[in-house]
1. List pairs: first in region 223-242 and within 23 Å of Val371 (Cα to Cα), second of a type in the set (Asp, Glu) and open to solvent by less than 30 Å² (accessible area, probe 1.4 Å), Cβ under 7 Å, 6+ apart or cross-chain?
2. Just wondering, is there one or more residues in region 226-233 that are within 17 Å of the chain's Cα centre (by Cα) and part of a helix (DSSP H, G or I)?
3. Taking the options Ala254, Ala220, Ala259, name whichever one is within 17 Å of Asn314 (Cα to Cα), assigned to a helix (DSSP H, G or I) and touching a residue at least 60 places away in the same chain (Cβ under 8 Å).
4. Considering only residues that are surrounded by 17 or more Cβ atoms within 10 Å (Cβ to Cβ) and modelled with pLDDT of 95 or more, which ones fall in region 255-264?
5. Within region 137-160, track down each residue that is within 11 Å of the chain's Cα centre (by Cα) and either among the charged types (D, E, K, R) or part of a loop (DSSP other than H, G, I, E, B) (or both).
6. Going by the conditions given, is Asp39 under 25 Å from the mean Cα position of the chain (by Cα), more than 30 Å from Leu373 (Cα to Cα) and in contact (Cβ under 8 Å) with a residue 40 or more places away in the chain?
7. Restricting attention to region 153-201, report how many residues are among the basic types (Lys, Arg) and either open to solvent by less than 20 Å² (accessible area, probe 1.4 Å) or farther than 30 Å from Leu386 by Cβ (or both).
8. Could you grab me the full set of residues in region 217-237 that are within 19 Å of Gly159 (Cα to Cα), touching a Pro at 6+ places or on another chain (Cβ under 8 Å) and surrounded by 14 or more Cβ atoms within 10 Å (Cβ to Cβ)?
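The values are calculated or read from the model by the stated rules, or taken from the named source; none is laboratory data. Just so it is clear, the model here is predicted, and its values are computed rather than measured. A quick note on method: Cβ atoms are made from the backbone with ideal geometry, for glycine too, and the neighbour counts reach across all protein chains shown. These area figures cover heavy atoms from the full protein model, side chains too; ligands, DNA and RNA do not enter into them. Shrake-Rupley method; radii C 1.70, N 1.55, O 1.52, S 1.80 Å.
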Amino acid sequence: MVGSFRFLTAGESHGRMLGVTLEGVPAGLALSADVIAVDLARRQRGYGRGARQAIEQDRAEIVSGVRHGLTLGSPILLLVANRDWENWTRVMQVAPLSEEEAAELAALSEGGNKRATPVTRVRPGHADLAGALKYGFSDVRNVLERASARETAARVAAGAVARAFLAELGVEAWSFTAEVGGVAVDPAACTRSRAEADASPLRCPDPGAEDRMIARIDEARANGDTVGGVFEVVVHGLPIGIGSYVHWDRRLDAAIAAAVMSINIVKGVEFGLGFEQTRRFGSAVHDVIEGRSDGGRWVHRSNNAGGLTGGVTNGEPLVVRGAVKPISTLARPLPSADLITGEAVDKAHYERSDISVVPAAGVVAEAMVLVALLDAVLAKFGGDSLDETRDNLRRYQERLERPVPAPAVGGTRAATPAHGQTTGTDVAGSGGDD
């Protein structure tokens, strides 16, 4: 989808810092580092995380685009420092190495310092091999530093800005861990509130399932292994009509799917029932439209579509799930091959790793869903300022609440049918595959 908002990130995992530039955020939004810090902290939590999270205490510095606490409508630049940079200054320095500095690194490598040693044993499941061959690198560190999930801290910072703006329009998003290692939540046993779930070890609303999930993570840790799972993102407050069916790149489901699939560890995305729809008859899948409520809201009997039909929001909550693969870096590395010799090796390169990141992946997915939604909302309602966007949305919502005028017949508009009276026929023609 092409709107007026976009963001770009920069930085390496062990470089000095991460950066993110946001373009197209309207003026007048109250924004502070404290607001962004909330989501950055949520990303770092979760049972099964590794040692890196004990080193970093992520906080974004707002460098531009905000004055006296309000956005200016100009590009916003955020910087997130990497505290671990202190241990990588020579290995990751930007300037060319002098002869003395190169000799220093060589001596460290010969002494067994893993940081100073070029990485040539490529890791299964990572971008190591494909990336090194694509860009012509002989040291895989040039790939893994940027391909690292550390970059998602910058995405979460961008998502926090999108969250703040959309909250002013009545839109809110949250996520939870729906499955880990084959252990899934039971909707009937999801007794925790949103706040309680967010504070739990795996950000899970089902206490019993969470205990079993933790046991699976402990099992993986004991075996030097990793474990994946599924997160679910739910968005409330979206009006009918965000997105479009007229072109492939304007379909909101396509934009959101692309945004979530871009997360390093995600290997699948589904909306609503998702793949479960393939196992049911249509009569048990499609959401019956019950009509308009007294307040003018269109009501669906269920939400199997996950809030989107034909690439357009339908007024129900948006429900997106992502499949999180097991982390590729294992404490007991898999066999692999050497980039330089092409020969098999017993163990791939290993650096510290998490055991499971499903709760954190859910927070990153919230960010990506929110930035996709912000782009779509601004494409629909526009506005150089928050007040203007809010006014445009209000007028649109007022129009949605009014009765739909009767269609014109033979060039003459028919009278609006009375309440309870139907118009037209139940024959819709060839139909379509929404």
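1. Val233/Glu366
2. Checked against the condition, which is being within 17 Å of the chain's Cα centre (by Cα) and part of a helix (DSSP H, G or I), region 226-233 yields no hits at all.
3. Exactly one residue qualifies, and that residue is Ala254.
4. Ala255, Ile256, Ala257, Ala259, Val260, Ile263 - these are the residues of region 255-264 that are surrounded by 17 or more Cβ atoms within 10 Å (Cβ to Cβ) and modelled with pLDDT of 95 or more.
5. Arg155 - this is the single residue of region 137-160 that is within 11 Å of the chain's Cα centre (by Cα) and either among the charged types (D, E, K, R) or part of a loop (DSSP other than H, G, I, E, B) (or both).
6. So Asp39 fails the test.
7. Final tally of qualifying residues: 1.
8. Answer for region 217-237, where residues must be within 19 Å of Gly159 (Cα to Cα), touching a Pro at 6+ places or on another chain (Cβ under 8 Å) and surrounded by 14 or more Cβ atoms within 10 Å (Cβ to Cβ): Phe231, Val234, Val235.
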